1. Given labels modelled 7 Å from the Cα in the Cβ direction, how far is it in nm from A:S43 to A:E478?
2. How high is the relative contact order of chain A, in percent, with contacts defined as C-alpha pairs under 8 Å that are six or more residues apart?
3. How do A:I467, A:I518 line up, fewest other C-beta atoms within 10 Å first?
4. With an 8 Å cut-off on Cα pairs and a minimum separation of 6 or more residues, tell me the relative contact order of the stretch A:491-553 in percent.
5. Which whole-percent values make up P(r) of chain A when all C-alpha to C-alpha distances are grouped in 10 Å steps starting at zero?
6. Enumerate the amide H contacts of A:I141 below 5 Å, restricted to partners 5 or more residues apart or on another chain; note that Pro and chain-start residues carry no placed amide H.
7. Could you line up A:C137, A:C332, A:C27, A:C358 from fewest to most neighbouring Cβ atoms inside 10 Å?
8. Select from A:I236, A:G436, A:A381 the residue farthest towards the positive end of the dipole of the protein assembly as shown; place +1 on Cβ of Lys and Arg, -1 on Cβ of Asp and Glu, and compute about the Cα centre.
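Since every read-out is calculated from the coordinates, none of them should be taken as a lab result. Not measured: the values here are computed from a predicted model. Positions of Cβ are backbone-derived with ideal geometry, glycine not excepted, and every protein chain shown enters the neighbour counts.
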Amino acid sequence: MGELTEKIREKKREWEKECLEPWLSKCEREVKNFETLSGIEISNVYDPFDIEHLDFLRDIGYPGEFPFTRGVYPTMYRGRLWTMRLFSGFGTAEDTNRRWKMLLEEGETGLSTAFDFPTLMGLDSDDPLADGEVGKCGVAIDTLKDFEILFDGIPLNKVSTSFTINPPAGIILAMYTAIGDMQKVPRDKVRGTIQNDMFKEFHAQNTIVLPPEPSLKIIVDIFEWGIKNVPKFNLISISGYHIREAGSTAVQELAFTIADGMAYVEAAMERGIDIDKLAPQLSFFFNAHNDFFEEIAKFRASRRMWAKIMKDYGAKDPRSWWMKFHVQTAGCSLTAQQPLNNIVRVTIQALAAVLGGCQSLHTNSFDEAWALPSEEAVRVALRTQQLIAYESGVANVVDPLGGSYYVEWLTDKIERLAWKYIERIREMGNGSMVKGVLKGIENGFFVREISDSAARYQREIEEGSRIIVGVNKFRIEEDLKIPLLKVDPEVQRRQIERLRRVKKERDNKVLKENLEWIRSCCENNENVMPAVFEAVKSYASVGEIMGTFKQVYGTYRKPIII
Amino acid sequence: MKIRVLVAKVGLDGHDRGAKVLARFLRDAGFEVIYTGLHRTPQEVARAAVDEDVDVVGVSLLSGAHIPLVPRIIQYIREYGGNPDEMLIVVGGTIPHDDFPKLRDAGVDGIFIPGTPISEIIKFIKEKLPEKKKGGK
């Protein structure tokens with residue numbers, strides 16, 4: 001080995017001097033300092049010396065084994081392809097149920113729910129603040145009645161459903177569980193995911209109702225209840241996606257997501273929850289942005305980091321060390337200009353997600369810088385995944401980029417940079433990640449970090465040092481009138497009518513008792529979920545349940561930091 | 001006198017990346033910027049526009065709720081004693097083309113789609129604001 005290394009080293013010196021140098025002076029490109037999208041400085045070429053400090057068995061190893069750099073399963077996509085899951089919802093439950101059935105017929109393999117803003121914020125469709133927003137950028141859900149329509153003809157034991165919802169996540173989990181019971185599906189066959197990650201809402205996505213501490217309390221309530229009642233359901237999707245969309249770098253996305261994840265695990269352990277019981281019901285959610293190798297390296301680093309973290313927390317079952325994650329291609333990278341170019345962007349991003357070993361994937365539609373996707377656009381998005389899966393051949397080998405000098409170097413680099421952030425957050429909490437994350441929310445640390453990165457990215461575009469095809473270079477005069485989805489303007493009226501009918505027909509005495517039960521759980525610091533489950537079954541609305549929380553815990557408005 | 005701009009987020013939409021980056025860049029370009037923060041009602045935005053006596057109202061929406069929310073802001077500005085005919089009203093976000101005429105009819109002067117360089121928005125304000133002020137009087 002030593003002799004070979006010396007030979008390579010000698011060759012490298014010779015190559016640099018005789019081969020590389022004359023070419024360097026002839027470089028025509030204006031770019032002189034090459035960086036990843038997140039600003040990590042990169043070399044012209046990588047070789048064994050760049051990964052000399054890595055140990056194959058310790059840092060890379062085999063898929064399905066610690067530290068899972070190469071994938072959580074030994075067979076990965078040979079055993080089972082990733083779940084093709086398109087985030088989708090608009091109008092009423094009927095409209096969304098129709099779109100879902102179309103997608104399932106076209107080969108989608110999992111459902112993913114987009115709710116409208118009133119539902120996301122825990123407001124009923126007849127709330128004055130909901131006016132004009134009902135069914136606009138997702139489906140409107142007020143009561144279990146809407147869920148019955150949403151899942152009409154969709155057997156819960158055959159398909160898993162993801163719910164992108166946060167403050168009312170427990171209410172939605174209760175509704176889904178109730179639908180499973182109505183369909184007589186055994187509880188251990190009810191599969192899906194609630195996002196239920198409030199920390200990233202405070203950092204980035206801003207769907208905020210209650211203050212941070214009670215938000216965390218309810219999340220841990222959901223963990224406790226979910227472990228007992230829906231053992232195969234992901235009780236949280238710890239999300240970097242929105243942090244990235246708000247403008248962070250890849251490193252910040254990774255670091256803040258893992259820090260949040262650590263805080264949730266610590267909070268659960270403080271409640272006395274067994275880490276090996278909780279771990280299989282945790283999932284993650286990342287963004288796939290434009291820089292192909294940086295994204296792949298980020299996904300690989302994330303798995304390695306989480307495996308070490310969970311082992312350090314004392315998790316014994318190797319499955320507890322798995323980081324399973326969903327990926328969505330970067331919405332913020334889509335352009336309104338020359339919209340068909342977005343199909344190519346999405347393809348590159350989706351390919352990175354697959355080469356990075358995701359468990360589930362959403363591909364954006366090319367028209368989404370304009371509106372919610374049309375049927376044609378969403379079909380192309382789904383076909384993109386199917387092309388990658390069935391035609392490209394990339395799914396046939398596990399972690400095909402493992403061992404690449406560049407990818408291994410970058411995986412390690414991103415991991416190191418992410419650890420630095422995590423250590424900083426831990427210091428803010430004097431050793432506690434829960435306290436560190438809460439502190440960072442309170443003092444604006446996360447928001448400021450993300451805003452600064454967003455401004456840097458925009459400056460690069462304004463200056464032209466970052467090229468966005470069709471936006472600041474290669475522009476054309478074009479007719480931008482592409483066919484778009486239109487949400488029926490009658491949705492709000494119809495939804496309010498349905499809500500009023502439900503409120504009239506339900507047993508309002510039982511309902512009142514259930515809401516009182518929720519209030520008493522909040523006041524006495526008991527787990528709210530059993531009461532929420534009963535309330536949902538008595539057709540309490542999302543707004544009534546969230547309203548009860550708000551009465552006890554108050555609401556929260558984020559400090560303004562530009 | 002510095003041009004006074006209100007950057008506003010209206011409705012339940014929490015996407016504030018665009019609004020905040022714009023606010024920062026306008027400030028750096030020498031404008032006086034007031035940012036409303038998130039989740040404001042049309043009334044709150046209109047009230048801020050009138051009380052702060054701004055020259056430009058910039059509303060950011062990615063929720064698809066621009067109609068009816070943006071026309072309402074303009075209506076309330078009038079109600080609260082402001083004159084939207086002398087202000088420059090601009091909207092940015094995911095706005096489908098079919099809605100452009102409706103927003104223009106309601107009194108919107110400029111609509112900026114995702115990807116618009118901020119330099120373009122600054123140029124638009126500097127060119128159009130004097131015309132609007134003159135036309136209003």
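1. Here the answer is 3.9 nm between the modelled labels.
2. It comes to 18 percent, rounded to a whole number.
3. A:I467, A:I518
4. 37
5. With 10 Å bins starting at 0, P(r) equals 3, 17, 28, 27, 16, 6, 2, 1, 0.
6. Here A:D116, A:T119 satisfy the definition.
7. Taking fewest neighbouring Cβ atoms as first place, the list is A:C27, A:C332, A:C137, A:C358.
8. A:I236
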